[in-house]
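**Q** Can you keep this structure in mind? I'll have questions shortly.
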Amino acid sequence: MQNRGNLQRFVLIAGDIITLAIVTVIGFASHGTADTAGSRMLTTFIPLVVAWFLVAPFLYVYDTEVFHDGRQLWSPLWAMILTSPMAAWLRGLMLNSPILPVIVII
């Protein structure tokens, strides 16, 4: 049973990484720069992934018992809300640039 829990957790983590990559590409595409961004996408993707994995475990996003309880869907929602400002802050540190509040909100 432990192996099944680990597999489920792995699938959740892999799904989150893939989702964050898709969100990053969509963000660049919405600005019309996806085809020329290249490694610049990493300046968004890496802070987003780091922030997500710093926040999500504390809100039990990867707890398989919580995962099976539909009443716990608040957990990923709050993780997303808390991840956004942290990712913007990390990106600002990484690029040594100011953090625009509108970016955090979007």
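**Q** Can you tell me which of LEU73, LEU82 is surrounded by 16 or more Cβ atoms within 10 Å (Cβ to Cβ) and out of contact with any Ser or Thr (no Cβ under 7 Å at 6 or more places or on another chain)?
**A** Within the list LEU73, LEU82, the selection yields LEU82.
Matching residues to (1) free of Cβ contacts under 8 Å to residues at least 40 places away in the same chain; (2) more than 24 Å from PHE10 (Cβ to Cβ); (3) surrounded by fewer than 18 Cβ atoms within 10 Å (Cβ to Cβ); (4) within 16 Å of the chain's Cα centre (by Cα):
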| site | (1), (2), (3), (4) |
| --- | --- |
| VAL61 | no, no, no, yes |
| TRP78 | yes, no, yes, yes |
| MET94 | no, yes, yes, no |
| PRO98 | yes, yes, yes, no |
| ILE105 | yes, yes, yes, yes |
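**Q** Taking the stretch 1-49 as the region of interest, how many residues are loosely packed, with under 12 Cβ neighbours inside 10 Å and not hydroxyl-bearing (Ser, Thr, Tyr)?
**A** Count: 17.
**Q** (1) at pLDDT 90 or above; (2) under 18 Å from MET94 (Cβ atoms): which one isn't true of ILE26, the others all being true?
**A** So the condition that ILE26 fails would be (2).
**Q** List the number of the failed condition for TRP52; all other conditions in (1) in contact with a Pro (Cβ under 9 Å, 6 or more places away or on another chain); (2) surrounded by 14 or more Cβ atoms within 10 Å (Cβ to Cβ) hold.
**A** (1)
The values are calculated or read from the model by the stated rules, or taken from the named source; none is laboratory data. Every value quoted in this text rests on a predicted model; they were computed, and no experiment measured them. Please note: Cβ atoms are built from the backbone with ideal geometry, for glycine as well, and neighbour counts cover all protein chains shown.
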